[in-house]
1. Confirm whether residue 66 is of a type outside the set (D, E, K, R), more than 16 Å from residue 13 (Cα to Cα) and touching a helix residue (DSSP H, G or I) at 6+ places or on another chain (Cβ under 7 Å).
2. Please work out which residue is farthest from the ligand (Cβ to nearest atom), limiting yourself to the stretch 27-42 and to residues that are out of contact with any Ser or Thr (no Cβ under 9 Å at 6 or more places or on another chain) and without any contact (Cβ under 8 Å) to a residue 40 or more places away in the chain.
3. Among the residues that make up the stretch 84-105, is at least one of them surrounded by fewer than 17 Cβ atoms within 10 Å (Cβ to Cβ), among the polar types (S, T, N, Q), modelled with pLDDT of 90 or more and touching a Lys or Arg at 6+ places or on another chain (Cβ under 7 Å)?
4. Within the stretch 43-57, restricting attention to residues that are assigned to a loop (DSSP other than H, G, I, E, B) and more than 12 Å from the ligand (Cβ to nearest atom), which residue is nearest to residue 116 (Cα to Cα)?
5. Can you spot a residue in the stretch 121-131 that is among the charged types (D, E, K, R) and modelled with pLDDT of 95 or more?
6. What's the total number of residues in the stretch 1-58 that are farther than 19 Å from residue 126 by Cα, under 13 Å from the mean Cα position of the chain (by Cα) and surrounded by 15 or more Cβ atoms within 10 Å (Cβ to Cβ)?
7. Looking at the stretch 61-69, can you tell me whether even one residue there is surrounded by 16 or more Cβ atoms within 10 Å (Cβ to Cβ), away from the ligand (no atom under 16 Å from the Cβ) and part of a loop (DSSP other than H, G, I, E, B)?
8. Among the residues of the stretch 43-81, write down those that are of a type in the set (D, E, K, R) and either touching a residue at least 40 places away in the same chain (Cβ under 8 Å) or farther than 17 Å from residue 5 by Cβ (or both).
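The values are calculated or read from the model by the stated rules, or taken from the named source; none is laboratory data. The structure presented is a predicted model; accordingly, all values stated were derived computationally and were not measured. Using ideal geometry, Cβ is built from the backbone for each residue, glycine included, and neighbour counts are taken over all protein chains shown.
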Amino acid sequence: MEYKLPFEVYNKNLKKGKLLGLKCNDCGTVTCPPTMACSECAGTNHEIHELSGMGKIVTFSVSYVGAEGRQNEHPLTIVLVKLDEGPWIMGNLIDLDPQKVTMEIIGKRVKAGSKMFPGDKYSAAAARPLFSFI
Ligand SMILES: [Zn+2]
């Protein structure tokens with residue numbers, strides 16, 4: 001079976017600021033990052049769908065230890081965002097000093113920007129969106 005949206009294509013678009021997912025033609029569910037089958041009905045009849053990148057923060061964690069060669073980027077705030085189209089996706093929050101982040105950011109509206117966290121050798125160069133408040 002062929003992947004409709006291979007991870008390499010998803011990652012390449014993410015690095016250009018374009019957030020892609022898959023929309024199920026059977027039930028309408030949007031998945032992101034892309035998966036082989038629909039997360040709702042397990043169907044494989046889906047098409048590539050560009051997401052708005054807008055959503056709200058569900059939870060977060062502040063990371064103080066960076067991967068090899070990236071310690072200077074820490075601390076950073078990693079957020080789990082429920083996108084308006086439905087899927088939950090992880091990214092970094094860039095608007096607020098990680099040392100000042102509190103539980104009050106949960107539920108705040110954010111948008112993925114055009115800059116992306118490029119990934120590192122431990123994450124197979126997987127990019128992550130950088131979110132800012134809207
Ligand atoms: Zn479905």
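1. On the way: of a type outside the set (D, E, K, R): yes; more than 16 Å from residue 13 (Cα to Cα): yes; touching a helix residue (DSSP H, G or I) at 6+ places or on another chain (Cβ under 7 Å): yes.
Criteria met by residue 66.
2. 34
3. No, there is no match, as no residue in the stretch 84-105 is surrounded by fewer than 17 Cβ atoms within 10 Å (Cβ to Cβ), among the polar types (S, T, N, Q), modelled with pLDDT of 90 or more and touching a Lys or Arg at 6+ places or on another chain (Cβ under 7 Å).
4. Taking the stretch 43-57 first, the residues assigned to a loop (DSSP other than H, G, I, E, B) are 43-45, 51-53.
Next, only the ones that are more than 12 Å from the ligand (Cβ to nearest atom) stay: 51-53.
Details: 51: 15, 52: 15, 53: 12 Å.
Per the stated criteria, the residue is 53.
5. Step one: list which residues in the stretch 121-131 are among the charged types (D, E, K, R), which gives 121, 128.
From the residues that got through so far, the ones that are modelled with pLDDT of 95 or more too are none.
For the stretch 121-131, residues among the charged types (D, E, K, R) and modelled with pLDDT of 95 or more: absent.
6. Qualifying residue count, the stretch 1-58: 4.
7. No, because not a single residue in the stretch 61-69 is surrounded by 16 or more Cβ atoms within 10 Å (Cβ to Cβ), away from the ligand (no atom under 16 Å from the Cβ) and part of a loop (DSSP other than H, G, I, E, B).
8. At the first step, the residues of the stretch 43-81 found to be of a type in the set (D, E, K, R) are 47, 50, 56, 68, 70, 73.
Listed by number, the residues that qualify are 47, 56, 68, 70, 73.
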